[in-house]
Ligand SMILES: [Cu+2]
């Protein structure tokens with residue numbers, strides 16, 4: 001029993017040491033979708049890069065710009081694309097997960113103020129291990145619908 005606890009503790013310490021030297025996820029090309037002033041929702045897109053040797057799971061997000069932020073994906077239901085809330089977005093070990101129009105995204109629900117183009121929106125990501133990532137993303141229009149981000 002005691003041995004198990006010790007093992008768990010050393011795993012925890014190891015994790016913190018790794019995080020101290022490398023961010024849990026690197027976020028690139030992030031932006032929040034520009035929406036009409038009457039819209040009460042928007043979405044945030046980005047690329048999540050995982051430099052570690054094990055998967056990292058994003059489990060929660062918040063923003064001062066909206067009442068709630070949900071993790072969403074798109075699925076085909078009877079030939080129609082629908083958004084669906086999911087519990088986590090996983091980034092594979094040494095891999096990249098794309099949050100992009102038509103796919104995974106962070107849904108900002110209940111915007112407190114209309115978004116202005118080029119305004120910065122603060123978003124906080126929470127990972128499964130409890131670590132937090134602070135983002136500041138610009139508001140930009142989505143060009144050409146489902147265009148791939150590079
Ligand atoms: Cu959505």
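Residues in segment 133-144 that are surrounded by 12 or more Cβ atoms within 10 Å (Cβ to Cβ) and in a strand (DSSP E or B): 6 in all. Has segment 118-130 got any residue that is buried (at least 17 other Cβ atoms within 10 Å of the Cβ), within 15 Å of the chain's Cα centre (by Cα), modelled with pLDDT of 95 or more and farther than 14 Å from residue 44 by Cα? Looking for residues that are buried (at least 17 other Cβ atoms within 10 Å of the Cβ), within 15 Å of the chain's Cα centre (by Cα), modelled with pLDDT of 95 or more and farther than 14 Å from residue 44 by Cα, one finds at least one in segment 118-130, hence yes. Residues in segment 104-117 that are in contact with a strand residue (DSSP E or B) (Cβ under 6 Å, 6 or more places away or on another chain), in a loop (DSSP other than H, G, I, E, B) and surrounded by 11 or more Cβ atoms within 10 Å (Cβ to Cβ): 104, 115. For beta carbons closer than 8 Å, sequence separation of 6+ or different chains, a first residue in segment 99-117 that is free of Cβ contacts under 8 Å to residues at least 24 places away in the same chain and a second that is outside any loop (DSSP other than H, G, I, E, B) and away from the ligand (no atom under 12 Å from the Cβ), the qualifying pairs are 116/139.
Name the residue that is farthest from residue 35 (Cα to Cα), counting only residues in segment 131-147 that are out of contact with any strand residue (DSSP E or B) (no Cβ under 6 Å at 6 or more places or on another chain) and modelled with pLDDT of 90 or more.
Result: 131.
Scanning segment 73-99 for residues that are within 12 Å of the ligand (Cβ to nearest atom) and buried (at least 19 other Cβ atoms within 10 Å of the Cβ) returns a single hit, 99.
The values are calculated or read from the model by the stated rules, or taken from the named source; none is laboratory data. If you're wondering where the values come from, they're calculated on a predicted model, not measured in any experiment. Glycine gets a Cβ as well: all are built from the backbone with ideal geometry, and neighbour counts include every protein chain shown.
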